[in-house]
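Engineer: Structure incoming, see below.
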Amino acid sequence: MNTISPAIDESWKAELAAEFTAEYFIKLKEFLVTEKQTQRVFPPGNKIFSAFNHTPFDKVKVVILGQDPYHGEGQAHGLCFSVPDGIGKPPSLVNIFKEMNVDLGLPIPATGNLEKWADQGVLLLNATLTVRANLAGSHQKRGWENFTDAAIKRLSDKRENLVFILWGRFAQNKEVLIDANKHLILKSAHPSPFSAYNGFFGCRHFSKTNEYLRSKGIGEIDWNV
């Protein structure tokens, strides 16, 4: 068995050590090696664990759950809903910024890069951490969900007073992993244009997050991008 040493923050490496040697993860790694021989895979290898590297385990305050990385050229960089500087904002992110603007009165950002959130303790976690170019959902059910579920469960079990933001049915299915007695769970429709008007707009999750953190004596998130 090969020693697996992923490029992931040391705090997460310690918390998830058992996952890296689990059979599913070894198979996942083999799948990715094979996939990359014939396909383009996003995000780049050094960005796959960006969410964990920007937001160490003990620094997490808020968790926003996504589903898949963006599958378009240059979009995915390891943070859910986020795109690098210079890349056009996808529709869901446009709606996230609209809600932030109405909720907090903050200006609509010029960039779609959410690294400033991640660096303050917002874990921007996709359930699946890789995708084949131009093929949404192509790396689902290959093992990533086991890994990210373990990360969510670890946070729920070992931390207290976190805010879990669950936008849409897929994210809300992860609620079973979270102890609602220890953490705040915020749920709404997905920010996609197909569903945003069904309850995402007006959810006020940004202000509710900060109200909760403030009530627990935890530093608030500056949602400015």
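The values are calculated or read from the model by the stated rules, or taken from the named source; none is laboratory data. If you're wondering where the values come from, they're calculated on a predicted model, not measured in any experiment. Backbone-built Cβ (ideal geometry, glycine too); neighbour counts: all protein chains shown. These accessible areas exclude ligands, DNA and RNA; they are computed on the full protein's heavy atoms, side chains included. Shrake-Rupley method; radii C 1.70, N 1.55, O 1.52, S 1.80 Å.
Engineer: Keeping to the range 212-225, report how many residues are under 17 Å from Asn181 (Cα atoms), open to solvent by 50 Å² or more (accessible area, probe 1.4 Å) and in a helix (DSSP H, G or I).
Structural biologist: Restricting attention to the range 212-225, the residues satisfying the condition of being under 17 Å from Asn181 (Cα atoms) are 212-213, 215-216.
Remaining after also requiring open to solvent by 50 Å² or more (accessible area, probe 1.4 Å): 215-216.
Restricting the remaining residues to those that are in a helix (DSSP H, G or I) gives 215.
Selection size over the range 212-225: 1.
Engineer: Pull out all pairs, ordered by first then second residue, where Cβ-Cβ is under 6 Å, the residues are six or more apart or on different chains, the first lies in the range 194-217 and is at positive phi, and the second is acidic (Asp, Glu).
Structural biologist: Arg204/Asp103
Engineer: Considering the range 79-130 alone, what residues qualify as being assigned to a loop (DSSP other than H, G, I, E, B) and touching a strand residue (DSSP E or B) at 6+ places or on another chain (Cβ under 8 Å)?
Structural biologist: Pass one, the range 79-130, residues assigned to a loop (DSSP other than H, G, I, E, B): 79-90, 105-114, 120-121, 127-130.
Selection gives Leu79, Cys80, Phe81, Ser82, Leu114, Gly121, Ala127, Thr130.
Engineer: Based on this model, can you work out whether Glu35 counts as surrounded by 12 or more Cβ atoms within 10 Å (Cβ to Cβ) and over 19 Å from Cys80 (Cβ atoms)?
Structural biologist: Yes: the conditions hold for Glu35.
Engineer: Return the residues of the range 70-90 that are out of contact with any helix residue (DSSP H, G or I) (no Cβ under 9 Å at 6 or more places or on another chain) and in contact (Cβ under 8 Å) with a residue 40 or more places away in the chain; say none if nothing qualifies.
Structural biologist: Once the filter is applied, which keeps residues that are out of contact with any helix residue (DSSP H, G or I) (no Cβ under 9 Å at 6 or more places or on another chain) and in contact (Cβ under 8 Å) with a residue 40 or more places away in the chain, the range 70-90 yields Tyr70, His71, Gly72, Glu73.
Engineer: Could you run through the range 84-125 and say how many residues are touching a Lys or Arg at 6+ places or on another chain (Cβ under 8 Å), more than 21 Å from Phe201 (Cα to Cα) and either open to solvent by 50 Å² or more (accessible area, probe 1.4 Å) or hydrophobic (A, V, I, L, M, F, W, C) (or both)?
Structural biologist: The qualifying residues number 1.
Engineer: Test of understanding: among Leu177, Leu162, which residue is surrounded by 15 or more Cβ atoms within 10 Å (Cβ to Cβ), touching a Lys or Arg at 6+ places or on another chain (Cβ under 8 Å), at pLDDT 95 or above and within 26 Å of Asp103 (Cα to Cα)? Outline the logic, then answer.
Structural biologist: Values: Leu177 fails: within 26 Å of Asp103 (Cα to Cα).
When all the criteria are applied, what remains is Leu162.
Engineer: When you check Ala18 against the structure, is it among the small types (Gly, Ala, Ser), modelled with pLDDT of 95 or more and farther than 27 Å from Phe194 by Cβ, yes or no? Even if it seems obvious, please write down each step before you answer.
Structural biologist: Working: among the small types (Gly, Ala, Ser): yes; modelled with pLDDT of 95 or more: yes; farther than 27 Å from Phe194 by Cβ: yes.
The answer is yes for Ala18.
Engineer: Also, quick follow-up: Evaluate the range 89-101: report whether one residue or more is polar (S, T, N, Q) and modelled with pLDDT under 95.
Structural biologist: No, there is no match, as no residue in the range 89-101 is polar (S, T, N, Q) and modelled with pLDDT under 95.
Engineer: From (1) open to solvent by less than 70 Å² (accessible area, probe 1.4 Å); (2) touching a strand residue (DSSP E or B) at 6+ places or on another chain (Cβ under 8 Å); (3) farther than 18 Å from Ile165 by Cβ; (4) not β-branched (Val, Ile, Thr), pick out the condition that doesn't hold for Asp68.
Structural biologist: All conditions are met except number (3).
Engineer: What number of residues within the range 131-188 satisfy the criterion of being of a type outside the set (Asp, Glu) and part of a helix (DSSP H, G or I)? Let's see the steps before the verdict.
Structural biologist: Kept after step one, since they are of a type outside the set (Asp, Glu), are these residues of the range 131-188: 131-144, 146-148, 150-156, 158-159, 161-174, 176-178, 180-188.
Next cut, part of a helix (DSSP H, G or I) only: 144, 146-148, 150-156, 158, 169-174, 176-177.
Qualifying residue count for the region: 20.
Engineer: In the range 180-198, which residue that is among the polar types (S, T, N, Q) and over 17 Å from Phe97 (Cβ atoms) is surrounded by the fewest Cβ atoms within 10 Å (Cβ to Cβ)? Reasoning before the result, please.
Structural biologist: Looking only at the range 180-198, we keep the residues that are among the polar types (S, T, N, Q), and these are 181, 188, 192, 195, 198.
Filter once more, so that each one left must be over 17 Å from Phe97 (Cβ atoms): 181, 198.
Numbers: Asn181: 6, Asn198: 12.
The extreme case among them is Asn181.
Engineer: Take the range 199-211 and flag every residue that is open to solvent by 40 Å² or more (accessible area, probe 1.4 Å) and either within 16 Å of Gln120 (Cβ to Cβ) or of a type outside the set (Asp, Glu) (or both). Spell out how you get there, then give the answer.
Structural biologist: Pass one, the range 199-211, residues open to solvent by 40 Å² or more (accessible area, probe 1.4 Å): 201-202, 204, 208, 211.
Passing the criteria: Phe201, Gly202, Arg204, Lys208.
Engineer: Pairs needed: first member in the range 142-169, within 18 Å of Lys29 (Cβ to Cβ); second member anywhere, open to solvent by 10 Å² or more (accessible area, probe 1.4 Å) and at pLDDT below 95; C-beta distance under 6 Å; at least 6 residues apart or different chains.
Structural biologist: none
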